[in-house]
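The values are calculated or read from the model by the stated rules, or taken from the named source; none is laboratory data. Keep in mind that what you see is a predicted model, and the values were worked out from it rather than measured. Methodologically, a virtual Cβ is constructed for each residue, glycine included, from the backbone with ideal geometry; neighbour enumeration extends over all protein chains shown.
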Amino acid sequence: MKWFNLLLMPSAVLLLSIPFTPAAFALEAPATTSRAIEEYNRENYEEALQLLLAARTMEGPSTINSYYAGLSRKETGDDSGAVADLTAALTGTPPFSQAAAVLVNSLYNLERFQEAMQWVLWSEQQGVSPGEIAYLKGRLLVREKRYDEAIVAFTAVKSDDQEMDQQVGLQIASAYVQGNRYEEAREALQTVISRNPSSDAANFAREYDQKLSTAKPSKRWSFFLGANYLYDDNVAGVNTGKQADSGISEGLRVEYDALLSEPWSLNAQYSISNTNYLRLVSKSVISQSLSITPGYRRGNHVITLPLSIASTNLDTTTPLSTTSLNYRNYSVQTALRPTDTVILNQENLLQGGVSYANRQMFQDEPISEENRDGNLFGVHMGYIRLFSGGTGMFNLRGEVVYEDTHGKNWVNLGERLGADLLLPLAERTRLIVSSEAFFQNYEYENSLYGTKRRDTTLNTTVTLNQMLTTRVYLNLQYSCMRQFSNISVYDNQRNLVSAGFEARF
């Protein structure tokens with residue numbers, strides 16, 4: 001329903017009337033300031049501002065001077081200058097409380113939302129301009145996606161102005177739409193219409209009530225189907241006796257976004273991928289995963305609780321096998337990863353959380369110390385920077401993971417550092433670069449090699465994504481993995497190149 005929110009934008013910058021009595025203020029003000037107020041009331045804003053600046057030199061600063069200077073600057077489009085003068089009007093002696101609503105409006109226009117909310121709270125405590133402040137508070141809460149609180153704020157707006165009442169009604173309807181509460185939105189639009197059926201706002205409400213009644217439901221299901229050709233120069237990931245091979249990989253991913261009222265959300269995903277090597281068939285693999293991610297938003301925090309299960313199956317086909325499908329279980333891992341995403345502003349986000357996973361391996365190990373079954377405990381943090389209107393992204397992330405395995409040879413503490421870059425090269429072309437370093441220190445002396453193992457693993461992946469049609473994409477990818485280890489059998493390098501297509505529905 002983004003069309004509805006965009007078309008309501010003009011009401012977001014509705015100029016609020018700040019109640020005051022210019023004549024009374026003029027009587028209390030010094031002579032030059034009084035002349036400036038008269039010029040302001042005649043809508044000669046630049047002349048008023050010049051007189052006010054001169055009055056500060058001749059008559060000294062005053063909060064009424066700062067207030068009208070702020071109003072004059074705002075009328076000439078100088079919100080930054082208005083903020084300085086209006087702040088002085090509120091913090092001077094005596095405080096000029098009528099400046100609060102205009103200050104909040106200017107801060108909103110400058111996207112200084114946190115400061116704006118601080119002055120809203122101050123105004124509520126002081127009982128200043130309750131109607132205008134309630135309206136602006138509603139606008140700020142909508143930005144934070146706190147729709148229920150925004151509706152309460154809009155409902156608190158009291159005005160004798162019928163046009164203002166209708167604008168508030170449109171804002172309430174917009175908040176309902178963004179919170180996926182479409183029936184309440186239509187009721188709010190009907191209220192707007194009933195207040196003055198012949199007004200422009202009523203005509204606007206009728207048109208979009210009709211759109212709401214006929215609009216198609218938001219897309220809930222998404223499907224991704226892909227196929228790639230790949231070349232792998234070290235299929236087994238070994239130090240000596242490397243074997244290269246080509247193969248074909250196919251993948252399917254299904255996503256579902258549940259239709260829930262704000263602040264709740266729910267996403268579910270299922271994926272299956274199959275990599276078939278042409279010569280080294282015993283290295284072919286099928287991977288499946290299922291995840292469910294409930295979410296809750298409170299203010300600028302988004303709390304998610306992803307729960308996932310992933311399984312891997314290896315092909316045991318041999319040249320003497322009579323069937324081409326002979327997969328066996330290799331591993332199953334279940335994981336829980338609670339995460340808090342803090343939205344600093346429209347371009348900057350912070351993430352942090354903890355994780356737990358249980359891993360079960362199904363192959364028989366020659367000795368118990370090599371058993372990799374166990375539990376994994378982690379702490380993760382990250383920073384996300386969005387750019388190019390949200391089409392580009394930079395992500396910096398870090399994680400500490402402790403693997404408590406049944407076999408002592410695999411118990412380790414790992415530190416992972418990574419960075420990701422999504423760069424829009426053209427309207428239909430994206431470059432994706434991902435790089436990661438993983439440092440692992442093993443807790444016990446390895447029973448096979450007589451020393452404590454230490455690994456450093458470096459991974460880099462570069463992907464070029466080209467949209468061919470609205471549903472078909474071309475993917476070209478190169479991946480390099482280099483693992484350094486003080487035990488030579490684990491020291492290896494692997495390069496993989498792939499090219500293929502993906503269809504999205």
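Between a residue in the stretch 134-147 that is under 18 Å from Ala101 (Cα atoms) and any residue that is in a loop (DSSP other than H, G, I, E, B), which pairs come within a Cβ distance under 7 Å, given they are 6 or more apart or on different chains?
Pairs that qualify, where the first residue is under 18 Å from Ala101 (Cα atoms) and the partner is in a loop (DSSP other than H, G, I, E, B), are Ala134/Ala156; Ala134/Val157; Tyr135/Leu16; Tyr135/Val157.
Of all the strands (runs of 3 or more DSSP E) wholly in the stretch 330-396, which have at least 2 residues that are at pLDDT below 90 and under 25 Å from Arg430 (Cα atoms)?
Ranges flagged: 374-387.
Search the stretch 168-204 for residues being small (Gly, Ala, Ser) and not in a helix (DSSP H, G or I), and hand back the single one that is nearest to Ser261 (Cα to Cα).
Gly179
Looking only at the stretch 173-182, count how many residues are more than 13 Å from Tyr208 (Cβ to Cβ) and in contact with a Leu (Cβ under 9 Å, 6 or more places away or on another chain).
Adding up the residues that qualify gives 2.
Considering every residue within the stretch 269-280, establish whether at least one is in contact (Cβ under 8 Å) with a residue 60 or more places away in the chain and either more than 28 Å from Thr304 (Cβ to Cβ) or not assigned by TED's automatic domain parsing to the domain that holds Ser498 (or both).
Within the stretch 269-280, not a single residue is in contact (Cβ under 8 Å) with a residue 60 or more places away in the chain and either more than 28 Å from Thr304 (Cβ to Cβ) or not assigned by TED's automatic domain parsing to the domain that holds Ser498 (or both).
Which residue is farthest from Ser331 (Cα to Cα), if the candidates are limited to the stretch 361-376 and must be touching an Asp or Glu at 6+ places or on another chain (Cβ under 9 Å) and either surrounded by 14 or more Cβ atoms within 10 Å (Cβ to Cβ) or of a type in the set (Ser, Thr, Tyr) (or both)?
Per the criteria, the residue is Leu376.
Residues that are free of Cβ contacts under 8 Å to residues at least 24 places away in the same chain and buried (at least 17 other Cβ atoms within 10 Å of the Cβ): list the strands (runs of 3 or more DSSP E) wholly contained in the stretch 450-505 that include at least 1 such residues.
Here the list reads 472-485.
Assuming Ala36 fulfils every condition listed in (1) at pLDDT below 80; (2) outside any loop (DSSP other than H, G, I, E, B); (3) not hydroxyl-bearing (Ser, Thr, Tyr) apart from one, which condition is it?
(1)
Go through the stretch 101-144 residue by residue and tally those that are farther than 19 Å from Glu347 by Cβ and hydrophobic (A, V, I, L, M, F, W, C).
13
Need pairs with beta-carbon distance below 9 Å; first residue surrounded by 15 or more Cβ atoms within 10 Å (Cβ to Cβ) and within the stretch 55-79, second among the charged types (D, E, K, R) and outside any helix (DSSP H, G or I); sequence gap 6+ or separate chains.
Between residues of the stretch 55-79 that are surrounded by 15 or more Cβ atoms within 10 Å (Cβ to Cβ) and residues that are among the charged types (D, E, K, R) and outside any helix (DSSP H, G or I), the close pairs are Ser72/Asp78; Glu75/Glu43.
Name every residue in the stretch 210-227 that is of a type outside the set (Ser, Thr, Tyr), within 28 Å of Ser265 (Cβ to Cβ) and modelled with pLDDT of 75 or more, in order of residue number.
Within the stretch 210-227, Arg220, Trp221, Phe223, Phe224, Leu225, Gly226 qualify.
This table checks each residue for (1) outside the structural domain of Lys137 (by TED's automatic domain parsing); (2) in contact (Cβ under 8 Å) with a residue 60 or more places away in the chain; (3) in contact with a helix residue (DSSP H, G or I) (Cβ under 7 Å, 6 or more places away or on another chain).
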{"site": "Asp165", "(1), (2), (3)": "no, no, yes"}
{"site": "Ile172", "(1), (2), (3)": "no, no, yes"}
{"site": "Gln178", "(1), (2), (3)": "no, yes, yes"}
{"site": "Ser194", "(1), (2), (3)": "no, no, no"}
{"site": "Ser199", "(1), (2), (3)": "no, no, yes"}
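Look through Ala173, Ala202 and report the one residue that is buried (at least 23 other Cβ atoms within 10 Å of the Cβ) and among the hydrophobic types (A, V, I, L, M, F, W, C).
Within the list Ala173, Ala202, the selection yields Ala173.
From the residues in the stretch 228-242 that are hydroxyl-bearing (Ser, Thr, Tyr) and at pLDDT 95 or above, which one is nearest to Tyr182 (Cα to Cα)?
Tyr229
Go through Leu230, Leu259 for me and flag whichever is within 25 Å of the chain's Cα centre (by Cα), in the same structural domain as Val285 (by TED's automatic domain parsing) and either hydrophobic (A, V, I, L, M, F, W, C) or at positive phi (or both).
So the residue among Leu230, Leu259 that is within 25 Å of the chain's Cα centre (by Cα), in the same structural domain as Val285 (by TED's automatic domain parsing) and either hydrophobic (A, V, I, L, M, F, W, C) or at positive phi (or both) is Leu259.
When the residues of the stretch 145-167 are narrowed to those that are in a helix (DSSP H, G or I) and over 28 Å from the mean Cα position of the chain (by Cα), which ends up modelled with the lowest pLDDT?
Gln162
Filter the stretch 91-144 for residues that are under 26 Å from the mean Cα position of the chain (by Cα) and assigned to a loop (DSSP other than H, G, I, E, B); which is modelled with the lowest pLDDT?
Only one residue fits best here, namely Glu144.
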